[in-house]
Amino acid sequence: MTVYEDGTEVPDDGYAEAGGPAAGSLAFGWLGPGDLGPPRQCPDSLLRVLEDAARSPVGRTRGFHRCPFCPDAEFWPTHYRTTDGSELWLGSAAIEVRDMSGRTWQAPNLVLHYVTAHGYLPPAPLVETYGTVR
């Protein structure tokens, strides 16, 4: 999976047609093996926004990516149970959310797993838009 630093503008490199973030959007959650940092708690309200976005993904791909942080990840899409009990399969699409200034942010839908299983905290503009860190 392509790696982008959180908050960087996604270049127009043609990757959007293959399921990557749209050019001009801001990237988050496009993580590589050393990018997690210390675990943090994501606000529940932001987690629900990310879950809602994952129900209407963008940039679906034909294959899938596994979590690079789970050493024993099975060779299947990552199963995720939402806060309302529904199920999602992660690793084959991106999600889009907007911050309070209207900027579009995109992440792989695996960001839900990164948040809940590994303590990844999305960038401050999204936390400030959708809730405060506990």
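The values are calculated or read from the model by the stated rules, or taken from the named source; none is laboratory data. As the structure is a prediction and not an experimental result, all values here were calculated from the model. Cβ: placed from backbone, ideal geometry, glycine included. Neighbour counts: every protein chain shown. What goes into the accessible areas is simple: the full protein's heavy atoms, side chains included, and nothing from ligands, DNA or RNA. Shrake-Rupley method; radii C 1.70, N 1.55, O 1.52, S 1.80 Å.
Every test in (1) under 21 Å from Gly131 (Cβ atoms); (2) open to solvent by less than 20 Å² (accessible area, probe 1.4 Å); (3) not hydroxyl-bearing (Ser, Thr, Tyr) is passed by Ala93 save one, and that test is (1).
Going by the structure shown, is Pro11 at pLDDT below 90 and either farther than 27 Å from Gly131 by Cα or in a loop (DSSP other than H, G, I, E, B) (or both)? Yes; evaluated as a whole, the condition is true for this residue.
At least 3 residues being over 11 Å from the mean Cα position of the chain (by Cα) and under 18 Å from Gly7 (Cα atoms) is the threshold, and among the helices (runs of 4 or more DSSP H) wholly inside the stretch 34-130 those reaching it are 124-130. Exactly one residue out of Thr83, Thr78, Thr61 is under 17 Å from His118 (Cα atoms), surrounded by 12 or more Cβ atoms within 10 Å (Cβ to Cβ) and among the polar types (S, T, N, Q), and it is Thr78.
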